[in-house]
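Novice: Below is a structure I'd like to ask you about.
Throughout, read-outs are computed from the coordinates displayed, never taken from laboratory work. Since the structure is predicted, the reported quantities are computational estimates derived from the model, not experimental observations. Here Cβ is always computed from backbone atoms with ideal geometry, including for glycine, and neighbour counts include all displayed protein chains.
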Amino acid sequence: MSAEAGQQHPLGIYLKIWILLFVLSTLSYLVDYFNFQGLLRWSLIIIFMLLKAGFIIAIFMHVMWERMALVLTILGPPVALLFLIGFMVSEGHYTFGARVDHFGANPNAQPLPVTHIGADHEGASH
Amino acid sequence: MSDTAATNITESRSGMAGLVDDWTSDKQTYHVPWGKAMMWIFLVSDTFIFTCFLVGYMTVRTSTAEPWPVPAEVFALSFFGSDPIPLILIAIMTFILITSSGTMALAVNYGYRKDKRMTAILMMVTAAFGASFVGMQAFEWTKLITEGVRPWGNPWGAPQFGSVFFMVTGFHGLHVTAGVIYLSIVARKVIKGHYDKKGFEIVEITGLYWHFVDLVWVFIFAFFYLW
């Protein structure tokens, strides 16, 4: 069991994961670059994010080689956060609905276009 | 350190049976150096802090009826008068942080091989990547502040955009800055031979902190910049 002798693994696995993280980051950047929208966008972003997080935790932080007692101490408590997220999604939507239904907020308001202040390309963004 | 811990569990099973063994043996539960266990407990608590920030962000973003500024436009950058490229600086920052995680993983590996020189070099390279990350973040903050983004408002839409941006990226940047200092201190001690007798677990512990900072950025990148 490697955990006790210190986490020692071949260099190759780190290099492979490193390259993989690069690829996944590039893919998630391309989601924005090619301006995917809707369900496709959110699912791709979440999948790439979870894959990246999983590889960092499992390989770089060595969690997959740790003993179960430590693994569950690390990964167990954050499960409670999923409930917080769920509750606050519901709460956020409720507040939004109240603002639209009772305070006359426009649910389809669009943000103003962004103009960047630059030395030689003022207003270049549109 | 590793010797004493190792002797405790030579007979131990792995998996769920090992979980029962570790918790019921009336001995030390976590068979790792105490510093590593404490770092993990700190990181779990830090997970809660960052999740609270991100959940707070999610809540204001879903509940505000004001339109949220488009991150791809806000964080676009032109080079030499070109058309602005969306999120390019953030993409570069992401790659820098991943690269620094890679060099950190290598440093841990060289540490356990007792190659002090390579360990210290790789840790300093990691710290240098971290410092450049903070530098780019300072640039980004300056740019947004110049354009009128404030914690209480911005020229484009929902005023919460600024408060979330400064809060979340600021707290993350603070972690990166602390990591750069932490790495530099440990790298210096490695070179000076402080860990020759104690063992090089400290490099792995420092690495855990650094990978965590990278991990948090993965979520910030996905939820704040791409969403």
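Novice: Please enumerate the residues belonging to the range A:32-43 that are more than 9 Å from every other protein chain (Cβ to nearest Cβ) and part of a helix (DSSP H, G or I).
Specialist: A:GLY38, A:LEU39, A:LEU40, A:SER43
Novice: Scan the range B:164-202 residue by residue and report those that are in a loop (DSSP other than H, G, I, E, B) and either within 26 Å of B:PHE219 (Cβ to Cβ) or among the hydrophobic types (A, V, I, L, M, F, W, C) (or both).
Specialist: First, the residues of the range B:164-202 that are in a loop (DSSP other than H, G, I, E, B): B:192-200.
The answer is B:PHE200, and nothing else.
Novice: A:ILE19: surrounded by 13 or more Cβ atoms within 10 Å (Cβ to Cβ) and in a helix (DSSP H, G or I), yes or no?
Specialist: no
Novice: Among the residues of the range B:19-66, which ones are assigned to a loop (DSSP other than H, G, I, E, B), more than 7 Å from chain A (Cβ to nearest Cβ) and buried (at least 19 other Cβ atoms within 10 Å of the Cβ)?
Specialist: Residues satisfying the conditions are B:PRO33, B:THR64.
Novice: In the range B:133-142, which residues are of a type outside the set (D, E, K, R) and farther than 18 Å from B:TYR209 by Cα?
Specialist: The answer is B:GLY135, B:MET136, B:GLN137, B:ALA138, B:PHE139, B:TRP141, B:THR142.
Novice: Report, by residue number, each residue of the range B:63-89 that is more than 19 Å from B:GLY157 (Cβ to Cβ) and not hydroxyl-bearing (Ser, Thr, Tyr). Steps first, answer last, please.
Specialist: Of the range B:63-89, the ones more than 19 Å from B:GLY157 (Cβ to Cβ) are B:77-83, B:85, B:88-89.
B:LEU77, B:PHE79, B:PHE80, B:GLY81, B:ASP83, B:ILE85, B:ILE88, B:LEU89, listed by residue number.
Novice: Condition first: touching a residue at least 12 places away in the same chain (Cβ under 8 Å), on the phi < 0 side of the Ramachandran plot and at the interface with chain A (Cβ under 7 Å from one of its Cβ atoms). Now tell me which residues in the range B:71-89 satisfy that.
Specialist: Once the filter is applied, which keeps residues that are touching a residue at least 12 places away in the same chain (Cβ under 8 Å), on the phi < 0 side of the Ramachandran plot and at the interface with chain A (Cβ under 7 Å from one of its Cβ atoms), the range B:71-89 yields B:ALA72, B:GLU73, B:VAL74, B:ALA76, B:PRO86.
Novice: Based on what the data block shows, is B:SER82 surrounded by fewer than 18 Cβ atoms within 10 Å (Cβ to Cβ) and of a type in the set (Ser, Thr, Tyr)?
Specialist: yes
Novice: In the range B:176-227, what residues are surrounded by fewer than 20 Cβ atoms within 10 Å (Cβ to Cβ), away from chain A (no Cβ under 14 Å) and either more than 14 Å from B:ALA127 (Cβ to Cβ) or small (Gly, Ala, Ser) (or both)?
Specialist: Once the filter is applied, which keeps residues that are surrounded by fewer than 20 Cβ atoms within 10 Å (Cβ to Cβ), away from chain A (no Cβ under 14 Å) and either more than 14 Å from B:ALA127 (Cβ to Cβ) or small (Gly, Ala, Ser) (or both), the range B:176-227 yields B:ALA178, B:SER184, B:LYS192, B:GLY193, B:HIS194, B:ASP196, B:LYS197.
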